[in-house]
1. Does residue 143 fit the bill of being touching a residue at least 24 places away in the same chain (Cβ under 8 Å), surrounded by 17 or more Cβ atoms within 10 Å (Cβ to Cβ), farther than 20 Å from residue 234 by Cβ and within 11 Å of the ligand (Cβ to nearest atom)?
2. Exactly one of these conditions fails for residue 151: (1) touching a helix residue (DSSP H, G or I) at 6+ places or on another chain (Cβ under 9 Å); (2) within 11 Å of the ligand (Cβ to nearest atom); (3) closer than 15 Å to residue 132 by Cβ. Give me its number.
3. I want to confirm something. Restricting to the stretch 76-113 and keeping residues that are at pLDDT 85 or above and more than 15 Å from the ligand (Cβ to nearest atom), which single residue is farthest from the chain's Cα centre (by Cα)?
4. Within the stretch 180-196, take every residue that is surrounded by fewer than 12 Cβ atoms within 10 Å (Cβ to Cβ) and away from the ligand (no atom under 16 Å from the Cβ) and give me the one that is nearest to residue 217 (Cα to Cα).
5. Residue 169 versus (1) assigned to a loop (DSSP other than H, G, I, E, B); (2) under 14 Å from residue 224 (Cβ atoms); (3) touching a residue at least 60 places away in the same chain (Cβ under 8 Å): which is the lone unmet condition?
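The values are calculated or read from the model by the stated rules, or taken from the named source; none is laboratory data. What you see is a predicted model; the values in this text were computed from it and never measured. Because the Cβ atoms are built from the backbone with ideal geometry, glycine has one as well, and the counts that use them run over all protein chains shown.
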Ligand code: GLP
């Protein structure tokens, strides 16, 4: 499709979306490319700016485009992929996609472990942990909310760290000498509640992915139990599987 058909039963914004998708599929528009403005698209396809805006906004929401304030709208590098084979953190995942990670610390404090957290981190309930609530962004777009609970001897020193500017994993490994070796992670589909929707700037009831991760250091000691909520339309989780045994 390369033109918008007035007599088509398909709405015009939808036809424009298909045209733009095709440009990406064929490689005519490459990741990082600036796409034409609403006005240019409107003129080229004989549609209103409003219609062009609706098509662009939909593709931003689907993660195919991203906006940079004052600069325009660009083609994304693909949805962010969190591969479930190697243990990586948010900063690494986003950088691997050629995007710019950033963080807003919502709160950072010492708090007592509840029963589930205590079990995951193999400590007594009520034990004080470093609790970090962060909004994670890629190219200034909210992507996930993460609630990390960290336990190690001296973890209260993390209160002094600038976690807005620094990766937690990097700090733990390079400054605290705690190499992160493995993790277990559960994924669950869900819908954004009021608070999540507000922080992630998505409509209440949007699809989200909940993850729960326990991360271990080389001595097989759990160090972090993290609960995260990812925008469902901006993230892909990727895993590889090997068959251990063939069916008889
Ligand atoms: C992932 C994990 C979190 C972890 C974070 C570390 O997103 N789900 O459990 O805390 O990465 O990311 P960073 O090193 O960028 O702080």
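1. Considered against the rule, which asks whether it is touching a residue at least 24 places away in the same chain (Cβ under 8 Å), surrounded by 17 or more Cβ atoms within 10 Å (Cβ to Cβ), farther than 20 Å from residue 234 by Cβ and within 11 Å of the ligand (Cβ to nearest atom), residue 143 comes out as no.
2. (2)
3. Applying the filter and picking the extreme gives 112.
4. 189
5. The one condition residue 169 does not meet is (1).
Yes or no, residue by residue, for (1) in contact with a strand residue (DSSP E or B) (Cβ under 8 Å, 6 or more places away or on another chain); (2) in a loop (DSSP other than H, G, I, E, B); (3) on the phi > 0 side of the Ramachandran plot:
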{"site": "27", "(1), (2), (3)": "no, yes, yes"}
{"site": "30", "(1), (2), (3)": "yes, yes, no"}
{"site": "36", "(1), (2), (3)": "no, yes, no"}
{"site": "41", "(1), (2), (3)": "no, no, no"}
{"site": "51", "(1), (2), (3)": "no, no, no"}
{"site": "54", "(1), (2), (3)": "no, no, no"}
{"site": "58", "(1), (2), (3)": "no, no, no"}
{"site": "66", "(1), (2), (3)": "yes, no, no"}
